[in-house]
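**Student:** Dropping the structure in here first, questions after.
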Amino acid sequence: MSNIPTYWDYLRLDRLLDLQGGLEGDDSQLLADELHFIVVHQSFELWFKLLLRELRLARDHLGQPKVDEETIPHVVQHLRRINAVLRHAVNQFEVMETLTPQGFLDFRDKLVPSSGFQSFQMREVEILMGLEDADRIQYGNIDPIRHLHEVAHDTPAGRLATSRIAAVRAERTVLSVLNEWLYRTPIQGSTPGDPGDDRAVEDFLGSYLARMSDHHAANLTRLLDTLEVSDPEGMRTKFASIQEDAKTFLHASDTPEPARPRTRRIRAAALFIESYRQLPLLSWPRLLLDLVVEMEEQLVLWRHRHVRMVERTIGRRVGTGGSGGVDYLEQTGSYRVFRDLWVIRTLLLPTSRLPELTDPTFYAFNST
Ligand code: HEM
């Protein structure tokens, strides 16, 4: 009889529903607002748990030494779930906002110095995606990761926080496997290791930049012919600097040697996939890149939504975690992990202006 599953045993509801007692260890002692506060935070942490599992699965599929055509749909499926969860998490702040500023003040002081700042699962998400330590916003002298280690007491959750952060820091990131995969992507039918691959990449970039220059020239002429531009010279300079930036980015002149050729190939591959999206063999890779951009967009939206909710609830006071609150959180809205993919959005050309493909049949499905 005991092996017959029930809903409550399967979901461990006895344990789950006993975990909202807060510092008192008994939710009947808590104000309704505090119970709400705990349930909303725990729901977020459960979504973070799912995000971490899905991110690792996406990373592992994409991180194989050779990623078959059949594998990409798996990566896409994990990314779709990640994005659905993130979208849902963004909307979930609506529930948090039913807490009034004074309702929060009625129990806020006892939380000090704990804070979402100590959400180790959120830090794991950031690290797993590929956010670099150097790119983290420091608040005053508070480093978000060092802070976690400093405040972690010798409790089960404290030990979990420090061990999980140490473990995720040793893992491969989604950014690194994405770059590995992009690096191996055939460009105009040429793959790293093929004789003349460097030449093929250079030729593609050269012809792309030439097409881009023609496109910019046409746009500039149209603007100058149709608008009363007060500073035509300034407009010309602006277009010239956009073209120059594109050249620097695509040739990876901003990357020091010896990494430059590799970065150049990664960027060229991302541009190639995004440009020739109609080719059968590139349709799944293109969807994958789109979902990675969407994932980052959703995380940025999460940060924006969180900080507006925070401002509405506590104004601009110092956070329970000791940061400058809204001032600090607003800066974290600038985090970008997949920067190259964002830059490439600026460089795309209309299909009619793209350089010709040297061998379109190369990108037909293998099975055809
Ligand atoms: C009344 C509701 C909330 C308020 C007033 C609030 C306030 C704050 C403040 C002021 C910070 C900055 C650190 C500090 O000094 O404390 C922060 C960070 C954070 N909060 Fe919230 N928060 C609320 C709800 C939530 C919820 C529901 C989540 C979901 C998990 C969350 C997750 C986080 C995370 C992950 C950070 C770290 C952000 C970063 O450093 O990039 N917060 N929160």
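The values are calculated or read from the model by the stated rules, or taken from the named source; none is laboratory data. No experiment lies behind these values; they were computed from the predicted model shown. Neighbour counts are summed over all protein chains in view; Cβ atoms, including those assigned to glycine, are modelled from backbone coordinates with ideal geometry.
**Student:** Quick test for you: out of 85, 75, 95, 112, pick the one residue that is modelled with pLDDT of 95 or more, within 10 Å of the ligand (Cβ to nearest atom) and among the β-branched types (Val, Ile, Thr). Walk me through it before giving the result.
**Tutor:** On the way: 85 fails: within 10 Å of the ligand (Cβ to nearest atom); 75 fails: within 10 Å of the ligand (Cβ to nearest atom); 112 fails: modelled with pLDDT of 95 or more.
Step by step, each of 85, 75, 95, 112 is checked, and only 95 is modelled with pLDDT of 95 or more, within 10 Å of the ligand (Cβ to nearest atom) and among the β-branched types (Val, Ile, Thr).
**Student:** Of the conditions (1) more than 9 Å from the ligand (Cβ to nearest atom); (2) in contact (Cβ under 8 Å) with a residue 24 or more places away in the chain; (3) buried (at least 17 other Cβ atoms within 10 Å of the Cβ), residue 304 fails just one. Which one is it?
**Tutor:** Failing condition for residue 304: (3).
**Student:** Filter the stretch 343-368 down to residues that are aliphatic (A, V, I, L, M) and under 28 Å from the mean Cα position of the chain (by Cα) and give me whichever is farthest from residue 174 (Cα to Cα).
**Tutor:** If we take residues in the stretch 343-368 being aliphatic (A, V, I, L, M) and under 28 Å from the mean Cα position of the chain (by Cα), then 349 is farthest from residue 174 (Cα to Cα).
**Student:** Related question: Quick one: would you say residue 170 is over 15 Å from the mean Cα position of the chain (by Cα), modelled with pLDDT of 95 or more and over 30 Å from residue 197 (Cα atoms)?
**Tutor:** Spelling it out, residue 170 is indeed over 15 Å from the mean Cα position of the chain (by Cα), modelled with pLDDT of 95 or more and over 30 Å from residue 197 (Cα atoms).
**Student:** Now for a separate question. Take the stretch 121-147 and flag every residue that is within 8 Å of the ligand (Cβ to nearest atom) and either more than 14 Å from residue 332 (Cβ to Cβ) or among the β-branched types (Val, Ile, Thr) (or both).
**Tutor:** Hit for the stretch 121-147 is 137, nothing else.
**Student:** Something else now. Hey, residue 127 hits all of (1) under 19 Å from residue 310 (Cβ atoms); (2) crowded, with 16+ Cβ neighbours inside 10 Å; (3) in contact with a Lys or Arg (Cβ under 8 Å, 6 or more places away or on another chain); (4) not aromatic (Phe, Trp, Tyr) but one; which does it fall short on?
**Tutor:** Going through the list (1) under 19 Å from residue 310 (Cβ atoms); (2) crowded, with 16+ Cβ neighbours inside 10 Å; (3) in contact with a Lys or Arg (Cβ under 8 Å, 6 or more places away or on another chain); (4) not aromatic (Phe, Trp, Tyr), residue 127 breaks only (1).
**Student:** For the stretch 71-99, which residues satisfy the criterion of being in a loop (DSSP other than H, G, I, E, B), without any contact (Cβ under 8 Å) to a residue 60 or more places away in the chain and under 26 Å from residue 35 (Cα atoms)?
**Tutor:** 92
**Student:** Assess whether residue 293 counts as being over 18 Å from residue 122 (Cβ atoms), more than 10 Å from the ligand (Cβ to nearest atom) and β-branched (Val, Ile, Thr). Explain how you work it out, then say what you get.
**Tutor:** Values: over 18 Å from residue 122 (Cβ atoms): yes; more than 10 Å from the ligand (Cβ to nearest atom): yes; β-branched (Val, Ile, Thr): yes.
The answer is yes for residue 293.
**Student:** Let me ask you something else. Hey, any hits in the stretch 53-72 for a residue that's surrounded by 15 or more Cβ atoms within 10 Å (Cβ to Cβ) and under 23 Å from residue 305 (Cβ atoms)?
**Tutor:** yes
**Student:** Moving on. Exactly one condition in (1) in contact with a Gly (Cβ under 8 Å, 6 or more places away or on another chain); (2) in a helix (DSSP H, G or I); (3) touching a residue at least 24 places away in the same chain (Cβ under 8 Å); (4) within 14 Å of the ligand (Cβ to nearest atom) is not met by residue 362; state its number.
**Tutor:** (4)
**Student:** Restrict the check to the stretch 319-342 and report whether at least one residue is free of Cβ contacts under 8 Å to residues at least 24 places away in the same chain, over 21 Å from the mean Cα position of the chain (by Cα), under 18 Å from residue 275 (Cα atoms) and away from the ligand (no atom under 16 Å from the Cβ).
**Tutor:** no
**Student:** Here is a list: 207, 190, 213. Which entry is touching a Pro at 6+ places or on another chain (Cβ under 6 Å) and over 20 Å from residue 64 (Cβ atoms)?
**Tutor:** 207
**Student:** Next question. Has the stretch 287-299 got any residue that is out of contact with any helix residue (DSSP H, G or I) (no Cβ under 7 Å at 6 or more places or on another chain), within 23 Å of residue 83 (Cβ to Cβ) and among the polar types (S, T, N, Q)?
**Tutor:** Looking through the stretch 287-299, none of the residues is out of contact with any helix residue (DSSP H, G or I) (no Cβ under 7 Å at 6 or more places or on another chain), within 23 Å of residue 83 (Cβ to Cβ) and among the polar types (S, T, N, Q).
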